[in-house]
Ligand SMILES: Nc1ncnc2c1ncn2[C@@H]1O[C@H](COP(=O)(O)OP(=O)(O)OP(=O)(O)O)[C@@H](O)[C@H]1O
Ligand SMILES: [Mg+2]
């Protein structure tokens, strides 16, 4: 049994009855921060994108004017996917990773997973490969011609998606949540992969956790899921155990991909993360940066992944 499988099994038993921290705003201990209610109230007063019922107004035309050409050579130098890499071990590995996610997102019937097209990519601690995996997953799905992807940089304290893709600092997710009167179409960026859009993190904000936990964010998540039922929305996030934003985000999405750095992240740390995700219906684990063979060589594109499910949709138990 692999480390991941053991971790999953133990965590399943140990934490089955525990209360999850996911989405429970009241539990955040930030004494100096304004309350969620006051932020929400203020946003409803000042945010022109929110109507009287407190819902985001429809975006006229839906068409984003911003466009970014991805620097594929730079991505390749990081060992990432690119449209002209048709066959490689990594292409195959991402096929394996995305299949179950897509099957859950677009089920034949009702699989009981709410907002199943929203996927959070997270990890226990920094540097395990969240951004690398979120970008590759988005590219892999977007390169399938009939699938649409919105990649959201939800690591709002340390935005990395834009850095990796070479997108300059500009308004994004946080600005949508802070009452600046912006609409989704003002901040979403089209790319030279027609099926791929990017939502940058936007302006760094000291109360980003509260903003991500706010009712406005909940409505945005619902809206992204319902308005674009044929679209996958991938959120790159901060680590689960090092920041408060990721557990909050986990409460908004239908599926979570937990990146685990092979041979580095200890089992008890993985278990702790799984405990934080106990309320999430679908949690997949990706074993990242696996060493190949028995030698000491690291292969740039040859990193491997294991994938397994923790938690199952209700009606498939
Ligand atoms: N499978 C992989 N193959 C090659 N390089 C990888 C792989 N996964 C991650 N890396 C590299 O490891 C480093 C850390 O990855 P990444 O930035 O994606 O981690 P992260 O979990 O998003 O970190 P942070 O918590 O700081 O946001 C980067 O240089 C990335 O290019
Ligand atoms: Mg990152």
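The values are calculated or read from the model by the stated rules, or taken from the named source; none is laboratory data. The structure presented is a predicted model; accordingly, all values stated were derived computationally and were not measured. Glycine gets a Cβ as well: all are built from the backbone with ideal geometry, and neighbour counts include every protein chain shown.
Key figures for this structure:
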{"item": "Of all residues in region 251-277 being out of contact with any helix residue (DSSP H, G or I) (no Cβ under 7 Å at 6 or more places or on another chain) and in a helix (DSSP H, G or I), the one that is surrounded by the fewest Cβ atoms within 10 Å (Cβ to Cβ)", "result": "268"}
{"item": "Number of the condition not met by residue 257 [criteria: (1) within 11 Å of ligand 1 (Cβ to nearest atom); (2) touching a strand residue (DSSP E or B) at 6+ places or on another chain (Cβ under 7 Å); (3) closer than 24 Å to residue 162 by Cα]", "result": "(1)"}
{"item": "Qualifying residue in region 107-118 (condition: within 17 Å of the chain's Cα centre (by Cα) and closer than 29 Å to residue 264 by Cβ)", "result": "yes"}
{"item": "Single match in 183, 145 (criterion: under 25 Å from residue 105 (Cα atoms), more than 18 Å from the chain's Cα centre (by Cα), more than 13 Å from ligand 1 (Cβ to nearest atom) and surrounded by fewer than 20 Cβ atoms within 10 Å (Cβ to Cβ))", "result": "145"}
{"item": "Residue 185 being in contact with a strand residue (DSSP E or B) (Cβ under 6 Å, 6 or more places away or on another chain), over 25 Å from residue 158 (Cβ atoms) and not in a strand (DSSP E or B)", "result": "no"}
{"item": "Residue within region 193-200 that is touching a helix residue (DSSP H, G or I) at 6+ places or on another chain (Cβ under 9 Å) and within 16 Å of ligand 1 (Cβ to nearest atom) present", "result": "yes"}
{"item": "Residue among 223, 210 that alone is modelled with pLDDT under 95, surrounded by fewer than 19 Cβ atoms within 10 Å (Cβ to Cβ), part of a helix (DSSP H, G or I) and more than 16 Å from ligand 1 (Cβ to nearest atom)", "result": "223"}
{"item": "Set 164, 125, 121: member being part of a loop (DSSP other than H, G, I, E, B), within 11 Å of ligand 1 (Cβ to nearest atom), at pLDDT 95 or above and in contact with a helix residue (DSSP H, G or I) (Cβ under 7 Å, 6 or more places away or on another chain)", "result": "125"}
{"item": "Residue count for region 168-180, restricted to those that are part of a loop (DSSP other than H, G, I, E, B) and either crowded, with 24+ Cβ neighbours inside 10 Å or within 11 Å of ligand 2 (Cβ to nearest atom) (or both)", "result": "1"}
{"item": "Subset of region 134-167 (residues that are near ligand 2 (Cβ under 9 Å from one of its atoms) and closer than 16 Å to residue 102 by Cα)", "result": "134"}
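Quick grid of which residues meet (1) closer than 25 Å to residue 250 by Cβ; (2) part of a loop (DSSP other than H, G, I, E, B):
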residue	(1), (2)
75	no, no
98	yes, no
103	yes, no
145	no, yes
150	yes, no
155	yes, yes
